[in-house]
Every structure is written in C-alpha cells, then in structure tokens.
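Heads up: the structure comes next, in structure tokens.
The values are calculated or read from the model by the stated rules, or taken from the named source; none is laboratory data. Please read all numbers here as calculations on a predicted model, not as lab measurements. Here the Cβ is made from the backbone with ideal geometry for all residues, glycine too, and neighbour counts use every protein chain on show. Side chains included, ligands, DNA and RNA excluded: accessible areas come from the protein's heavy atoms. Shrake-Rupley method; radii C 1.70, N 1.55, O 1.52, S 1.80 Å.
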Amino acid sequence: IHNMEKRTMIRILFVDDDTDYLRVLSYAFMKDFEVSTASGVREAMKFLNEKTVDMVCSDLHMHGEKGTDLQWEMKQSGMDIPFVLMSGDSDSMEIEIAKSRGATFVPKDWNMVNQIKQIAESIKSKA
C-alpha cells in the first residue's frame, strides 16, 4: 500500500545552489510530496533525463547560472513540466522572460511554501 501511495504523490524537483535551503524545502514538502533536489542546472537536467517529475521549482540566481537557463534547456529538450521560479528579487527582467515562457513566479518569502503547495495541488487535481 505504501508504494502505491507514493506513486500518486506529486513529484517535485527543487533546484537551488544553497544546500541548506534545499534541506529546509525537502523537510517542508516531504510529508505530502515526493521530493528530489539538485544543486544546479547540470544536475537538474541529468535528473530530469533519467526520472519523471510533475513540477520543477528552481531558484533564479545560482553560482554562475540561472533558473531561466534550466527552464530554457527543459523547453529545448521537449520537457513540458510545470516550472516555478523562486527568487528574492521580485522585479527582474529574467522573471518576466520566465513567465512569458510559462513559468510561475514565487517570491522567496514567508508564504512561499504555501504558494508552491497550492500550485502542486492544482497539478494533482488536473492529473
């Protein structure tokens, strides 16, 4: 029964170069979602080429790369996966570009976990 339950859980990949932040996100989501993490664009793409997820949540600014790079690579690879861009910046051209490509923007603030959970629940209801 436990395995069947796992399969119906929404699978989320969190991408952030801050491993402590990834740990906090994993903890916040692991009860209700199947959580995986990657610390950058390369690692995320390797994971996405090997496994299926229902949603990708990526930080905008990572060491020498951006969440928008990941979104672009996913699109170029034909991956049509809901994409959430997280950032402490709320007014940036990159955010607008990501939104024009279909991303949902979520500011890194006190309400971020609730916002991401709502997005994930909406994906579950469409499934």
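Residue 104 is checked against (1) open to solvent by less than 90 Å² (accessible area, probe 1.4 Å); (2) under 23 Å from residue 122 (Cα atoms); (3) touching a residue at least 24 places away in the same chain (Cβ under 8 Å); (4) among the hydroxyl-bearing types (Ser, Thr, Tyr) and fails just one. What number does that condition carry?
For residue 104, the exception is condition (3).
Could you tell me whether any residue of region 31-54 is open to solvent by 70 Å² or more (accessible area, probe 1.4 Å), of a type outside the set (A, V, I, L, M), in contact with a helix residue (DSSP H, G or I) (Cβ under 9 Å, 6 or more places away or on another chain) and more than 21 Å from residue 18 (Cα to Cα)?
Our first condition is that a residue be open to solvent by 70 Å² or more (accessible area, probe 1.4 Å); within region 31-54, this holds for 31, 42-43, 46, 49-52.
Subsequent filtering for residues that are of a type outside the set (A, V, I, L, M) retains 31, 42-43, 46, 49-52.
Checking the rest, the ones that are also in contact with a helix residue (DSSP H, G or I) (Cβ under 9 Å, 6 or more places away or on another chain) come to none.
Looking through region 31-54, none of the residues is open to solvent by 70 Å² or more (accessible area, probe 1.4 Å), of a type outside the set (A, V, I, L, M), in contact with a helix residue (DSSP H, G or I) (Cβ under 9 Å, 6 or more places away or on another chain) and more than 21 Å from residue 18 (Cα to Cα).
Of all residues in region 76-99, count the ones that are open to solvent by 60 Å² or more (accessible area, probe 1.4 Å), farther than 18 Å from residue 45 by Cβ and not small (Gly, Ala, Ser).
Summing the residues that are open to solvent by 60 Å² or more (accessible area, probe 1.4 Å), farther than 18 Å from residue 45 by Cβ and not small (Gly, Ala, Ser) in region 76-99 gives 6.
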